[in-house]
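Asks: Dropping a structure here in structure tokens format, bear with me for questions.
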Amino acid sequence: MPIHFGTDGWRAVISDTFTFDNLRIVAQAIADAVASDDWNKSEGNCGNPDSKKVVVGFDTRFLSDRFAEEVARVLAANGFNVLLAQSDAPTPAISFAVKNECAIAGVMITASHNAPRYNGVKLKGAFGGSALPEQCHRVEVYITDNEAQARGPNLMDYRKARDAGLIQKFNPLPAYFNHLRTLINTDIIAENPQRFVVDAMYGSGRGVIKSFLQGTGCEIAEIRGEMNPGFGGVHPEPISKYLGALASAVSSGMGNFGVVTDGDADRIGAMDERGQFVDPHKIMALSLRYLVEKRGWTGSIVRTVSTTRMIDRLAKRYGLKLYETPVGFNHIADYMMQEDILIGGEESGGISFKGHIPEGDGPIMGLLLVEMIAESGKPLVEMVDNLLEEVGPAFYERVDLRLSRPVAKDEMTEFLTKQAPKEIGGQKLEETGQRDGVKYIMADDSWLLIRPSGTEPVLRVYAEGRTHEMVKALIGYGQKVAESVV
């Protein structure tokens, strides 16, 4: 099976395609791409990052630590000085380390929120976010070129590389925590310490929030924080259906609310006092309101096409510019690097805000949520209810629908645009967008987004309605579209 290195790196099934041999091939291509004249060497914390320094981190998946060592061996053999994380760490902590250490690039061994059988490689740029699409494409070019020329990977003995100082172990968390202290007001938290549950989902966010809040007086119970590469048999994704353990912990009195991070801690979710899931839409909206009303911050807002329009209503209230992007945090990061962005986020839980790296960060958003609750003196459920009274109601659902055959993305987009309905659920169609798939926006600000997968016979259907009935009608229309493909 060919190795496809896309804009989010490379993911594959362990021992099937994700093998040590294939990983060395990818690591060599990364080394070649980073060393090439085409690699962007001007971005970073120091103006001109060290062109020979690369940071390597890893998550809690099966063999991730060994895979990271193998990447370090290849990079060292190509003349790079490697800072190798001494233990599993959140992806945003590794990304911050790339920027903070003035490195030219970073490599994170993780498959993020994917099923336990997967592992992967994420590539980071000197600016502290995901590598640019052209940089990822450069890696794929070298994978193909090296194979065509029968050029195998360079490899250096791990012990010799350590003795030569080409591989150095480091702890990315102290510098990351120092940075977080400039963005999270621990004094507010210490004045009203919270009692809550942190669900690490067996991922590399384990221990991070609890360690950061030491000394604030908070009582924190962490669940699923031990090493378990099988992730308890579920996807380490912070969505309601995988959070039974967190709901049980909150309802049994272990804490008043819960925060949860995914497999590599670049996504966030939460659970209120009633054991109800607080999705990233609400977390982003609460954060936006807090940053503007309590901190007095300003700036533009970025959200993906599949993210709640509560953000739009708040932006209009505050007189702030709003940008809509295709799905994927890399599109948000583009704006964060070019403009004064107050907050950017996507429906899957990747959110970041002003002053931080252009990358989704679960721990910082979890900490900001704790700060918001401490400052308000109100339960999370009450804060959410208040938000929905102001800019809601908003009910959200997403489903993936199988098609009878693969359909080209352009073909489906054209079909959905030409066959746009006049109304759904009794609401007139007001606007049709084509930013990433086709989005129908209704008269009451409800919306339906239909995105063909492009890689498999699947339609991804996202809906937000002002009532449960409207969401049901919107999803129902998406199902009719899927059934019409014969």
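The values are calculated or read from the model by the stated rules, or taken from the named source; none is laboratory data. Note that the coordinates shown come from a computational prediction; the quantities given were computed from them, not determined experimentally. Every residue, glycine as well, gets a Cβ built from its backbone with ideal geometry; the counts of neighbours run over all protein chains shown. Just the protein is used for accessible areas: all its heavy atoms, side chains included, with ligands, DNA and RNA removed. Shrake-Rupley method; radii C 1.70, N 1.55, O 1.52, S 1.80 Å.
Asks: Residue under question is M271, and the condition is that it be under 19 Å from C218 (Cβ atoms) and open to solvent by 20 Å² or more (accessible area, probe 1.4 Å); does it hold?
Replies: Details: under 19 Å from C218 (Cβ atoms): yes; open to solvent by 20 Å² or more (accessible area, probe 1.4 Å): no.
Judged against the criteria, M271 is not a match.
Asks: Another question, then. Determine, yes or no, whether I332 is of a type outside the set (S, T, N, Q), more than 18 Å from Y290 (Cβ to Cβ), crowded, with 24+ Cβ neighbours inside 10 Å and under 17 Å from the mean Cα position of the chain (by Cα). Walk me through how you get there before you give the answer.
Replies: Values: of a type outside the set (S, T, N, Q): yes; more than 18 Å from Y290 (Cβ to Cβ): yes; crowded, with 24+ Cβ neighbours inside 10 Å: yes; under 17 Å from the mean Cα position of the chain (by Cα): yes.
Criteria met by I332.
Asks: Moving to a separate point now. Among the numbered criteria (1) β-branched (V, I, T); (2) part of a strand (DSSP E or B); (3) surrounded by 22 or more Cβ atoms within 10 Å (Cβ to Cβ), which one does T432 miss?
Replies: The one condition T432 does not meet is (3).
Asks: Here's something else I'd like to know. Filter the stretch 359-410 down to the residues that are acidic (D, E) and more than 30 Å from S130 (Cα to Cα), then identify the one that is most open to solvent (accessible area, probe 1.4 Å).
Replies: Residues of the stretch 359-410 acidic (D, E): 359, 361, 371, 375, 382, 385, 389-390, 397, 400, 410.
Now restrict to residues that are more than 30 Å from S130 (Cα to Cα): 375, 382, 385, 389-390.
On the way: E375: 71, E382: 89, D385: 64, E389: 147, E390: 77 Å².
Within the stretch 359-410, the match that is most open to solvent (accessible area, probe 1.4 Å) is E389.
Asks: On to the next question. Name the residues in the stretch 52-67 that are surrounded by 24 or more Cβ atoms within 10 Å (Cβ to Cβ) and either over 24 Å from I351 (Cα atoms) or free of Cβ contacts under 8 Å to residues at least 60 places away in the same chain (or both), would you? Before the answer, list the steps.
Replies: Residues of the stretch 52-67 that are surrounded by 24 or more Cβ atoms within 10 Å (Cβ to Cβ), as a first pass: 54-61, 67.
Those that are surrounded by 24 or more Cβ atoms within 10 Å (Cβ to Cβ) and either over 24 Å from I351 (Cα atoms) or free of Cβ contacts under 8 Å to residues at least 60 places away in the same chain (or both): V54, V56, F67.
Asks: Among what's in the stretch 274-304 and is part of a loop (DSSP other than H, G, I, E, B) and touching a residue at least 60 places away in the same chain (Cβ under 8 Å), pick the residue that is least open to solvent (accessible area, probe 1.4 Å).
Replies: Taking the stretch 274-304 as the starting set, the residues that turn out to be part of a loop (DSSP other than H, G, I, E, B) are 274-276, 279, 294-299.
Those left that are additionally touching a residue at least 60 places away in the same chain (Cβ under 8 Å): 274, 276, 279, 294.
Values: R274: 156, Q276: 92, D279: 23, K294: 124 Å².
So the residue we want is D279.
Asks: For the stretch 444-472, what are the residues that are at pLDDT 95 or above and either surrounded by 20 or more Cβ atoms within 10 Å (Cβ to Cβ) or in contact with a Leu (Cβ under 8 Å, 6 or more places away or on another chain) (or both)?
Replies: Of everything in the stretch 444-472, those that are at pLDDT 95 or above and either surrounded by 20 or more Cβ atoms within 10 Å (Cβ to Cβ) or in contact with a Leu (Cβ under 8 Å, 6 or more places away or on another chain) (or both) turn out to be S446, W447, L448, L449, I450, V461, Y462, A463, E464, G465, M470, V471.
Asks: Would you check which residues across the stretch 232-247 are buried (at least 21 other Cβ atoms within 10 Å of the Cβ) and more than 18 Å from the chain's Cα centre (by Cα) and list them?
Replies: L246
Asks: Would you please name the residue that is least open to solvent (accessible area, probe 1.4 Å), looking only at residues in the stretch 174-227 that are of a type in the set (D, E, K, R) and over 26 Å from R61 (Cβ atoms)? Spell out the reasoning first.
Replies: Taking the stretch 174-227 as the starting set, the residues that turn out to be of a type in the set (D, E, K, R) are 181, 187, 191, 195, 199, 206, 210, 219, 222, 224, 226.
With the extra rule that they be over 26 Å from R61 (Cβ atoms), the set shrinks to 181, 187, 191, 195, 219.
Details: R181: 117, D187: 104, E191: 154, R195: 84, E219: 114 Å².
Checked the stretch 174-227; the qualifying residue least open to solvent (accessible area, probe 1.4 Å) is R195.
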